[in-house]
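**Q** Quick one: structure below, then a few questions.
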Amino acid sequence: VQLQASGGGLVQAGGSLRLSCAASGRTFSRYFMAWFRQVPGKEREFVAAIRWSGGSTYYADSVKGRFTISRDNAKNTIFLQMNSLKPEDTAVYYCAARYSDNARYDHWGQGTQVTVSS
């Protein structure tokens, strides 16, 4: 499984960014795909997840109502639309994948930096 994240950047508070994660190397119909983020010195934290088959979504409380995770089946790509960004959203964002029977995410893409200025 290969995951390629993109779309990070610098944005002012209140602005928006959309992250993309192109997935390859597998048929993902039985996978969960997710976004995590990490700030230096802190543990990686869950942001959002989507079940590839059916599209059920899950969010951390800190991003509910502001972030939306989605997928494009034809392009094998997941997205994270981030609106109303806050300085505390600043982090390196990682996309991840796990087979539905696995408890842990075991495939990771490289991170993409998101910086929100106040």
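**Q** If you roll a 1.4 Å probe over the chain with all protein chains in place, what percent of the accessible area is carbon or sulfur?
**A** Numbers: 2770 of 6150 Å².
It is 45 percent, rounded to a whole number.
**Q** Have a look at A34, A23, A103 and tell me which one the Gaussian network model of the chain (Cα, springs below 10 Å) gives the largest fluctuation.
**A** Highest fluctuation among the options: A103.
**Q** About its Cα centre, how strong a charge dipole does the chain have in debye, to the nearest 20, once Lys and Arg get +1 and Asp and Glu get -1 at the Cβ?
**A** Values: 14 positive and 8 negative charges, 44 e Å.
Its charge dipole is roughly 220 debye.
**Q** Where the centroid of each part is defined by its Cα atoms, how far is segment 90-114 from segment 1-68 in Å?
**A** With segment 90-114 and segment 1-68 each reduced to a Cα centre, they are spaced 7 Å.
**Q** Per residue, how much accessible area does the chain show when a 1.4 Å probe rolls over the protein heavy atoms, in square angstrom?
**A** Details: 6150 Å² over 118 residues.
For the chain, the per-residue accessible area is 52 Å².
**Q** Positive end of the charge dipole of the chain (Lys, Arg +1 and Asp, Glu -1 on Cβ, about the Cα centre): tell me which of V39, L10, S70 has its Cα farthest that way.
**A** Positive-most Cα among the choices belongs to S70.
**Q** Right, something else. Longest exposed-loop-site-free stretch of the chain, with trypsin sites (Lys or Arg not before Pro), DSSP loop and at most 14 other Cβ within 10 Å? Before the final figure, lay out the partial values.
**A** Details: sites that count: R26, R30, K42, K64, K75, R104.
Counting only loop sites that pass the neighbour cut-off, the longest clear stretch is 76-103.
**Q** Turning to a different aspect of this structure: Assuming a viscosity of 1.002 mPa s and a temperature of 20 °C, what translational diffusion coefficient in µm² per second does Stokes-Einstein assign to the chain, Rh being the Kirkwood radius over Cα pairs?
**A** Details: Rh = 14.1 Å.
Value of D from the Cα-based Kirkwood radius: 152 µm²/s.
**Q** Going 7 Å from the Cα of R66 along its beta-carbon direction, which residues of segment 8-43 have the amide nitrogen within less than 16 Å of the resulting point?
**A** Label zone hits: 9-19, 36-39.
**Q** With +1 on the Cβ of every Lys and Arg and -1 on the Cβ of every Asp and Glu, and nothing else charged, how large is the dipole of segment 43-105 about its Cα centre, in debye rounded to the nearest 20? Could you put the intermediate results ahead of the total?
**A** Numbers: 9 positive and 7 negative charges, 39 e Å.
It works out to roughly 180 debye.
The values are calculated or read from the model by the stated rules, or taken from the named source; none is laboratory data. Predicted model only: the values in this text are computed from it and were never measured. So basically every Cβ, Gly included, is an ideal-geometry build from the backbone, and we count neighbours across all protein chains shown. Ligands, DNA and RNA are excluded from the accessible area calculation, which covers all protein heavy atoms including side chains. Shrake-Rupley method; radii C 1.70, N 1.55, O 1.52, S 1.80 Å.
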